[in-house]
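The values are calculated or read from the model by the stated rules, or taken from the named source; none is laboratory data. The structure presented is a predicted model; accordingly, all values stated were derived computationally and were not measured. Methodologically, a virtual Cβ is constructed for each residue, glycine included, from the backbone with ideal geometry; neighbour enumeration extends over all protein chains shown. All accessible areas refer to the heavy atoms of the entire protein, side chains included, with ligands and DNA or RNA removed. Shrake-Rupley method; radii C 1.70, N 1.55, O 1.52, S 1.80 Å.
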Amino acid sequence: MDLGFYLLQLLTGLAYASTLFLLAVGLSLIFGAMGIVNFAHGSFYMLGAYLLYAFSRGQAEGFWTGLILVLAAALVIGALVERLFIRPIYRRPEEYQILLTYALLLILEDLVRFLFGAGYRSLPTPPAFSSPLFLLGTPFPSYYLFLVGLAGLSALLLWAFLYRTRLGAWVRAATQDREMLEALGINVPLLYTGVFAMGIALAALGGAALLPLQAATPGMAVDAVIQAFIVVVIGGLGSVWGALLGAVLIGLLQAFGILFLPEMAMVFPFALMALVLLLRPWGLLGRPPAVRT
Amino acid sequence: MRKGWIWFLALALGLAWAQGQQPIKIGALFILSGNFAGYGKSGSQGAQLAVEEINARGGILGRPLQLIVVDDQGNPEVGVREARRLILQEKVNFLFGVDSSSVSLAVAPLTDEYKIPLVVTHAATPALTEQCRPYVFRTSNNARMDAWAAAALAATLPVKRWANIGPDYEFGRVSWQDFITRLKQLRPDVEVVSEQWPRFGSTDYASFITALMRARPEGVFSTLWAGDMVIFARQAKAFGFFNQVRYFVNPVGAALEVLAPLGKETPEGLLVSTRYWFLYPNTERNRSFVEAYRKRYNEYPSYNAQEAYAGIHMLALAIQKARSTQAEAVRRAFEADGGLVYEAPEGRKRMRPEDHQVFEGLVWGYTKHSPNYPFAILDRMRITPATDTVYPTQCKR
């Protein structure tokens, strides 16, 4: 009985971690490769949820085609945003990035309110996941397992891309030395467009995958970007694996923390973040800033 | 030359007439952006409808009402800034609305500073009226009345093992304290088996749901509201939570802002309340209000819409009675004769003169689906009479 319960708690924690990972990994990837702090990251997560709602027309049967359409649309939107707005400010001071991406956040919030209204939008659970699995006699919604699988697969594909393809090697190289990469004749601006689109697509995928469990609102972007920042601060801004580690830590801390200190549920992620900032300000898997001489 | 005289006379008369026609300005603060924008939207719609009704019959004291709605974002700092701007620049005579308790507490001191009355129609912290401010009035019921009504109902249920899941901020904490303290007075045999406090605005409740289910409560009290309740209900249903827990009691669970987005996914048999339910009471007064609201906005009036609608009408009554928009005269009008009474669509509202809190009957019911509505409606309704929600106040007049 108790073992079954702890397994259940482990799974709910991992499911939460999966949502956090999909949300945060793009933020970290974009910062790592391009040095852009994307305040509008949560907005693309929100856009993913709304786009799935629109593509599936609010019907659970439209989930799968909707998900693929969201992914395609997010890649296009991400590429366009990078070309039109981000590219002109690469060589400007960082305040410009923050102002620009914050403006994007505000514009997108108003845009979805204009298109979808101020209320909550959601999607019923897709038919394939409508009946729960029984784990040691306890019902467990199968959609959570799908989420864990989706996040796991995304992490695996991302790893394969970054460490097993030439393109991935260039992306990693861009984090180290952009000038050298350009000197080697690689089209870095195009590479950046691709990285940005990929990060946006991951966020949109995360937002869309959560729609059957949650509800989309115009305000979710701000909440989401704060959560994403907590994850990447713990894991290390710029580190893909840091995002994974940060997400898993927060997910498990919540799932097991509330068993022992139910009064403190809200404190755990912030306490962890404070601890990391004190002991390793660059994050658990981040790189300490190089000492300039 | 003669013609000039006539023009002058016409101009002078026109000016005098315009003076009498100076609108009475009401500055309304609602949340119009972010996660709670749905509430602010319905609140401002209800207020606007009441203003249009009053103006159609000639206004108050021969002056039309003018409603100026601003977005306080649910943020106390923004609320205070906007309220100050409404008073100093827009020259409003009254402040109105306010969704968030923390905004209401932050704005309340301005009423003393500028002698501008504030009529609150949503923010529900009991602390607001317990400050006994002379120019703060609440025409909607507050969280303590909701919690006491819930406790009165809970005491009649065959439930001993209670648990709580509420948002981790003042409203959730105070409501649970009020509920369980009152319930233990009525039913000393009850016990608390679990308390869960997810962050307000959480999106993942799975761990909380499994932890709650493990404690095997027979009844669960909750004040999750808005999107939190929408998301919690969907996730809890997937875990079979509502099959295991016999009674799920939520005083703010029947808000249309929750039931409409949940649609057919709402579990049946939840014992929920709302500050106003559009199908109750079945009176001509209520039916005509619902009809007028639907005609104007093409949706059913939520509690926030009706409370704002009733709040404007109560304020108008007080101005009429005071024959003035001066704060002191309006205060006396609200307090006189044992407190201002207004027959709202939801029934009689009476203001307690001491603390300026309105008391009214509260409607509860069990969720049930009907082919006539795209969302769940209240079945087996339970009405808590106003007398059951009257708690003592420390204010004196």
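How would A:T165, B:T121 rank on accessible area, largest to smallest, probe 1.4 Å? Numbers along the way, then the final one.
On the way: A:T165 55, B:T121 0 Å².
Putting A:T165, B:T121 in descending order of accessible area: A:T165, B:T121.
Rounded to the nearest 10 Å², what accessible area does B:V252 have for a 1.4 Å probe in the complete protein model?
10 Å²
Hey, what angle do you get for helix A:41-55 against the long axis of chain A, alpha-carbon based, 0 to 90 degrees rounded to 10?
Between the helix axis and the principal axis of chain A, the angle is about 60 degrees.
Accessible surface of B:Y300 in the full protein assembly, 1.4 angstrom probe, to the nearest 10 Å²?
50 Å²
Treating the angle as unsigned and between 0 and 90°, give the value, to the nearest 10°, between the Cα long axis of helix A:94-116 and the longest Cα principal axis of chain A.
That helix lies at roughly 40 degrees to the long axis.
If I take R0 = 35 Å and measure r between the Cβ atoms of A:F270 and B:E90 in this structure, what FRET efficiency does the formula 1/(1 + (r/R0)^6) give, to the nearest 0.05?
After rounding, the FRET efficiency stands at 0.35.
Just the Kirkwood number for chain B, please: inverse of mean 1/r across all distinct Cα pairs, in Å, one decimal.
Answer for chain B: a Kirkwood hydrodynamic radius of 21.9 Å.
Which residue fluctuates the most in chain B, going by a Gaussian network model with Cα springs under 10 Å, if the choices are B:V51, B:V272, B:V192?
B:V192
How do B:D204, B:D337 stack up against each other in accessible area, from largest to smallest, with a 1.4 angstrom probe?
B:D337, B:D204
Taking springs between alpha-carbon atoms closer than 10 angstrom, which of B:S42, B:S194, B:S104 fluctuates most in the Gaussian network model of chain B?
B:S194
Just how far, in whole angstrom, is the range A:8-40 from the range A:213-288 if you go by their alpha carbon centroids?
Cα centroid of the range A:213-288 versus Cα centroid of the range A:8-40: 9 Å apart.
With a 10 Å radius around each residue's Cβ, average the other Cβ atoms per peptide and rank B:138-146, B:110-118, highest first.
B:138-146, B:110-118
With Rg and the Kirkwood Rh both taken from Cα atoms, where does Rg over Rh land for the range B:145-258?
0.93
Relative to the longest principal axis of the C-alpha atoms of chain A, give the angle of the C-alpha long axis of helix A:2-34, reported between 0 and 90° and rounded to the nearest 10°.
It works out to around 20 degrees.
Among A:L253, A:L71, A:L29, which one moves the most in a GNM of chain A with springs linking Cα atoms closer than 10 Å?
Residue with maximal mean-square fluctuation among A:L253, A:L71, A:L29: A:L253.
Report the label-to-label distance for B:Q326 and B:C132 in nanometres (one decimal), using points 7 Å from each Cα along the Cα→Cβ vector.
For B:Q326 paired with B:C132, the spin-label model returns 2.5 nm.
What number comes out for the charge environment of B:A226, summing +1 per Lys or Arg and -1 per Asp or Glu over other residues with Cβ under 12 Å away?
Summing Lys/Arg as +1 and Asp/Glu as -1 gives -3.
As a test question: what accessible area, to the nearest 10 Å², does B:S102 have when a 1.4 Å probe is rolled over all protein chains in place?
60 Å²
Semi-axes of the protein assembly as shown's equivalent ellipsoid from the Cα gyration tensor, sqrt of 5 times each eigenvalue, largest first, rounded to whole Å? Spell out each step's value before the answer.
On the way: eigenvalues 444, 225, 97 Å².
Three semi-axes, in Å: 47, 34, 22.
Per residue, how big is the convex hull of the range B:70-222 when only Cα atoms are used? Give it in Å³.
Working: hull volume 15.6 nm³, N = 153.
Cα-based convex hull of the range B:70-222, divided per residue, equals 102 Å³.
Sort A:F270, A:F229 by accessible area with a 1.4 Å probe, largest first.
Greatest to least solvent exposure: A:F270, A:F229.
Over all Cα pairs of the range A:2-218, how is the pair count split among 5 Å bins, expressed in % and running from 0 up to the last occupied bin?
Taking all Cα pairs of the range A:2-218, the binned fractions are 1, 7, 13, 18, 17, 15, 12, 8, 5, 3, 1, 0, 0 percent.
I need the fraction of alpha carbon pairs in the range A:119-235 separated by more than 20 Å, rounded to a whole percent. Provide the component values of the computation, followed by the final result.
Working: 4050 of 6786 pairs.
Every Cα pair in the range A:119-235 considered, those over 20 Å come to 60 percent.
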